[in-house]
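The values are calculated or read from the model by the stated rules, or taken from the named source; none is laboratory data. Quantities reported herein were computed from a predicted structural model and do not represent experimental measurements. When we count neighbours, we look across all protein chains shown, and the Cβ atoms used for this are built from the backbone with ideal geometry, even at glycine.
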Amino acid sequence: MPGALSGFRIIECGEMVSAAYASKLMADMGAEVIKIESPHGGDAARQRGPFPGGEPHTEKSGLYLFLNTNKRGITLDLEQPQGQEVFQRLVKDADLLIHNVQPGHMPPLGLDYDRLAAMNPRLVMTSITPFGLRGPHAEYEASDLTLWNAGGLCFLNGGGPGTDHLPPLKAFGQQSGFTAGVHAAVASLGALFARLRGGLGQHVEFSVQECLMGISEFGTMMAAYAGVAVTRLGHKPIQPLDLLECKDGWIFICCVEEHHWHSFVDLMDNPEWAAEPIFEDRLKRGESWDALKLLIQDWVKDFTVQDLYLKAQARRIPFAPVSTMGYLLNSEHLNARGFFVQLDHPEAGSLTYPGAPHICSETPWELRRPAPCLGQHNTEVYTELGMTAQDLAALQRAGTV
Amino acid sequence: MSRPPLDGIRVVDFCWAWAGPYGSLQLAHLGADVIRIESAKRLCPSRLIPPWPDNESGVNRAGYFNQYNQGKRSLTLDLKAPEAIDIAKTLVSKSDIVMNNFASGVMEKLGVGYDVLRRIKSDIIMVSLPGYGTSGPEKDFVSYGPPQVAQSGLSALTGYVGGPPMMAGFSYGDPNGGIHATFAVMSALLHREKTGQGQYIDLSQWEAAIMLLPEAVMDYSMNGTQPERMGNRDPHMAPHGVFRSKGDDRWVSLSVRDEAEWQRLGAVMGQPELSSDARFASLAARKENEAALEEIVTAWTQERTADEATQALQKVGIPAYPSLDALDMINNPHVGARDYFVELEHPEVGTRRHMGIPWTMSRTPCEIRRPAPCLGQDTEAVLTDIVGLSQSEIAALRAKDILT
């Protein structure tokens with residue numbers, strides 16, 4: 001059955017996460033994605049891992065394998081004039097070109113919207129860059145960590161009683177890249193929709209910093225409406241909203257609304273201390289959290305995570321386990337929904353992957369193929385472009401592919 | 001000027017709180033007519049929480065609501081009344097997309113489930129995005145954005161070296177669930193444009209959050225191991241962290257990605273001898289001696305402001321940026337120069353700075369055309385222009401307290 005995006009042809013020049021995640025989402029929805037990698041080692045995500053047994057291997061990086069499902073992969077050196085000629089032939093028939101090349105590196109690689117649009121006026125080109133293409137910081141170098149800071153998200157976390165001297169704390173992994181990627185995919189589909197109606201493509205300029213600022217929640221509003229910078233230090237204003245330790249792991253206890261708290265007190269069998277005025281409402285519980293946390297922690301410690309989670313949920317209190325990977329992969333709920341999928345890769349073997357977070361009634365999501373090995377589809381794709389075996393061999397000799 | 005991409009697309013937005021409204025905000029950014037269904041009898045939680053200007057509360061004064069509902073319209077309807085459900089159905093019959101993030105089953109109980117709505121509008125696209133999705137043994141469990149950070153696995157992976165699990169963001173699960181839902185909606189909209197077929201999308205916010213940590217899932221899948229918490233460090237780069245700078249709780253982030261950058265860092269810090277220091281001669285050596293390395297970097301950063309350190313490092317091409325707090329953000333000269341901020345006159349809060357659209361389009365510009373709506377601000381207009389009710393019909397509904 002065709003996917004929602006069947007028939008769209010996408011060229012991706014992606015390193016690491018943002019552009020690759022955007023085009024993975026589209027590939028998993030049925031789009032035909034051709035990923036261009038440098039012949040000199042390919043996408044840096046190939047070096048990131050994790051690797052089976054911790055042994056680095058170009059074809060076995062977990063991050064790369066996840067980010068590039070359903071794509072075909074070719075090698076092409078865009079720094080060579082010959083490489084750019086081939087690139088232009090590829091772009092000529094494409095619906096979308098998506099990349100995350102730094103602004104300063106775009107011209108030498110031929111990533112020039114005006115020139116490409118002159119050959120293919122229907123082309124949508126999405127440029128995902130750390131700080132956008134213009135403005136005083138446009139040329140700044142960035143990493144996932146520095147972007148998480150530039151977007152104000154890092155400053156929100158870490159600290160708290162006992163750790164206030166420690167730095168703002170980044171979230172695990174490559175969160176700037178993933179968040180930017182899914183937003184850039186939405187913007188790209190918007191431009192493709194406009195083209196279905198109006199016929200012409202356009203250039204979509206995307207700033208990762210701005211995207212992250214836009215999800216920084218309370219922070220920017222407190223600043224704009226109340227003139228204060230929310231601090232990550234000291235206590236949180238509302239409690240209980242914290243991570244506590246059970247017998248066999250950690251649980252997130254969450255009483256956002258008063259009725260959650262009342263149900264929780266009932267679950268704890270109405271201890272006398274719960275009626276103390278210092279625990280009267282969520283703000284007072286925030287101020288008194290040092291004392292309250294000890295009391296709750298003492299009660300929580302005798303439960304298993306699962307037991308407490310289910311007991312709380314039975315009373316509609318939104319507790320959640322602090323999931324480990326083992327817990328997730330064995331979750332009855334996630335498995336009943338078919339979230340995790342088994343996929344075979346010629347080098348990495350059969351592995352379990354996160355699937356899709358959505359179930360679409362008419363255009364089922366599917367994994368049609370694993371991530372490409374470096375240059376795996378060179379012959380196939382270049383033949384489709386009309387090249388002969390001799391042409392391809394010449395390009396190979398020149399180191400272009 | 002050209003029309004925005006989703007000009008003429010109408011969204012009936014039953015979403016509330018944070019995840020759903022963030023998703024429909026993106027559709028408004030793209031130019032859709034997003035109509036939020038609200039009720040004073042069951043107010044959106046984001047209208048009820050601070051910050052408010054001058055700390056004076058009011059349903060139209062909440063920064064939270066006003067940020068994440070820019071560009072939308074507000075229709076107040078008491079969905080407990082059968083007449084209100086009829087109006088909602090008529091509105092759906094003239095719309096393209098229906099969004100909701102109620103708990104599983106609520107739309108069906110209200111009588112506006114997909115099976116009903118598809119009979120009213122055969123090509124409707126409907127998305128539901130409850131925390132757990134709409135199927136599976138835990139589908140009736142309750143969820144909020146903050147617990148999803150824990151439940152997704154992100155908390156167990158996030159934290160200082162040797163420390164307990166920690167949070168990421170305030171409520172990171174919410175915007176993430178919302179934007180993944182919008183991606184699915186946009187895909188369905190393109191499919192509909194080509195085939196005429198609508199569909200139903202069941203999105204799980206929990207699963208959307210697991211999409212953000214594939215390295216850990218794959219590690220477990222490959223090796224059966226759970227990655228250890230490593231603070232701000234990175235297995236492939238060192239130094240890589242957030243370092244104290246001059247001022248009270250001020251910090252600068254930086255990443256040294258390769259040997260050439262390591263050499264340049266030594267030079268910038270005025271310690272070229274570091275490049276021949278055996279303790280730091282390779283990535284492996286720097287990882288081995290990372291605590292000592294971080295002390296050396298801190299000794300340099302804490303003598304400068306975060307801006308000074310950033311400028312010095314960027315001058316030699318090393319990724320660095322101040323760890324911005326919220327006041328830094330709303331005063332950031334770079335995004336200010338890019339016209340990212342939106343400052344539209346709002347009848348109750350005046351002109352405030354809001355976060356804008358993170359993309360620009362060269363041919364079909366996207367812009368925020370109006371501030372977030374006051375409660376029920378567009379009830380009259382929507383009922384007259386779209387639903388097609390007369391003034392006397394509207395007055396009768398008002399008399400029965402259905403339009404609040």
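Brief remarks on what is shown
- Taking the numbered list (1) in contact (Cβ under 8 Å) with a residue 24 or more places away in the chain; (2) under 31 Å from the mean Cα position of the chain (by Cα) in turn, A:Asp302 passes all entries but (2).
- Identity of the residue in the stretch A:145-162, more than 7 Å from every other protein chain (Cβ to nearest Cβ) and either more than 17 Å from the chain's Cα centre (by Cα) or surrounded by fewer than 20 Cβ atoms within 10 Å (Cβ to Cβ) (or both), that ends up nearest to A:Met213 (Cα to Cα): A:Gly159
- Within the span defined as the stretch B:323-337, every residue fails to be among the charged types (D, E, K, R), surrounded by fewer than 18 Cβ atoms within 10 Å (Cβ to Cβ) and either modelled with pLDDT of 95 or more or out of contact with any Phe, Trp or Tyr (no Cβ under 6 Å at 6 or more places or on another chain) (or both).
- Residue in the stretch A:130-145 that is at pLDDT 95 or above, part of a helix (DSSP H, G or I) and of a type outside the set (A, V, I, L, M, F, W, C) present: yes
- When restricted to residues that are more than 24 Å from A:Arg232 (Cα to Cα) and within 11 Å of chain A (Cβ to nearest Cβ), the stretch B:285-318 contains 7.
- Residues in the stretch B:25-59 that are more than 12 Å from chain A (Cβ to nearest Cβ) and closer than 30 Å to B:Arg363 by Cα: 4 in all.
- For the stretch A:225-259, taking the residues that are in a helix (DSSP H, G or I) and in contact with a Phe, Trp or Tyr (Cβ under 9 Å, 6 or more places away or on another chain), the one that is surrounded by the fewest Cβ atoms within 10 Å (Cβ to Cβ) is identified as A:Ala226.
- Selection count where residues are at the interface with chain B (Cβ under 7 Å from one of its Cβ atoms) and in contact with a helix residue (DSSP H, G or I) (Cβ under 7 Å, 6 or more places away or on another chain), scope the stretch A:194-215: 10
- A single entry from A:Leu111, A:Leu123, A:Leu78 fulfils the requirement of being hydrophobic (A, V, I, L, M, F, W, C), away from every other protein chain (no Cβ under 14 Å) and within 20 Å of A:Leu192 (Cα to Cα): A:Leu111.
- Tally of residues being within 22 Å of B:Gly145 (Cβ to Cβ) and hydroxyl-bearing (Ser, Thr, Tyr) across the stretch B:58-87: 2
- Meets criteria (at pLDDT 95 or above, farther than 30 Å from B:Ala62 by Cα and surrounded by fewer than 19 Cβ atoms within 10 Å (Cβ to Cβ)) for B:Glu343: no
- The sole residue among A:Pro81, A:Pro167, A:Pro108 that is touching a strand residue (DSSP E or B) at 6+ places or on another chain (Cβ under 8 Å) and of a type outside the set (Lys, Arg) is A:Pro167.
- Subset tally (residues that are surrounded by fewer than 17 Cβ atoms within 10 Å (Cβ to Cβ) and of a type outside the set (S, T, N, Q)) for the stretch B:274-286: 6
- In the stretch B:136-154, of all residues being of a type outside the set (Val, Ile, Thr) and in a helix (DSSP H, G or I), the one that is farthest from the other protein chains (Cβ to nearest Cβ) corresponds to B:Gly145.
- Residues of the stretch A:352-386 that are hydrophobic (A, V, I, L, M, F, W, C) and either surrounded by fewer than 17 Cβ atoms within 10 Å (Cβ to Cβ) or over 19 Å from A:Glu37 (Cα atoms) (or both): A:Ala356, A:Ile359, A:Cys360, A:Trp365, A:Leu367, A:Cys373, A:Leu385.
- Residue in the stretch B:141-154 that is under 28 Å from B:Val242 (Cβ atoms), of a type in the set (S, T, N, Q), surrounded by 24 or more Cβ atoms within 10 Å (Cβ to Cβ) and in contact (Cβ under 8 Å) with a residue 60 or more places away in the chain present: yes
- Filtered residues of the stretch A:43-58 (kept if farther than 17 Å from A:Lys24 by Cα and in contact (Cβ under 8 Å) with a residue 40 or more places away in the chain): A:Pro52, A:His57, A:Thr58
- Scan the stretch B:361-391 for residues that are of a type in the set (A, V, I, L, M, F, W, C), surrounded by 15 or more Cβ atoms within 10 Å (Cβ to Cβ) and over 27 Å from A:Leu123 (Cα atoms) and the total you get is 8.
- Restricted to the stretch A:1-115, the set of helices (runs of 4 or more DSSP H) holding at least 2 residues that are touching a helix residue (DSSP H, G or I) at 6+ places or on another chain (Cβ under 6 Å) and over 21 Å from B:Ser362 (Cα atoms) comprises A:18-28, A:62-67.
- Given (1) out of contact with any strand residue (DSSP E or B) (no Cβ under 8 Å at 6 or more places or on another chain); (2) in the same structural domain as A:Ile34 (by TED's automatic domain parsing), number of the condition A:Gly375 does not satisfy: (1)
- Residue within the stretch A:264-274 that is touching a helix residue (DSSP H, G or I) at 6+ places or on another chain (Cβ under 6 Å), surrounded by fewer than 22 Cβ atoms within 10 Å (Cβ to Cβ), small (Gly, Ala, Ser) and more than 9 Å from chain B (Cβ to nearest Cβ) present: yes
- Flag if B:Glu290 is surrounded by fewer than 17 Cβ atoms within 10 Å (Cβ to Cβ) and outside the structural domain of B:Asp78 (by TED's automatic domain parsing): no
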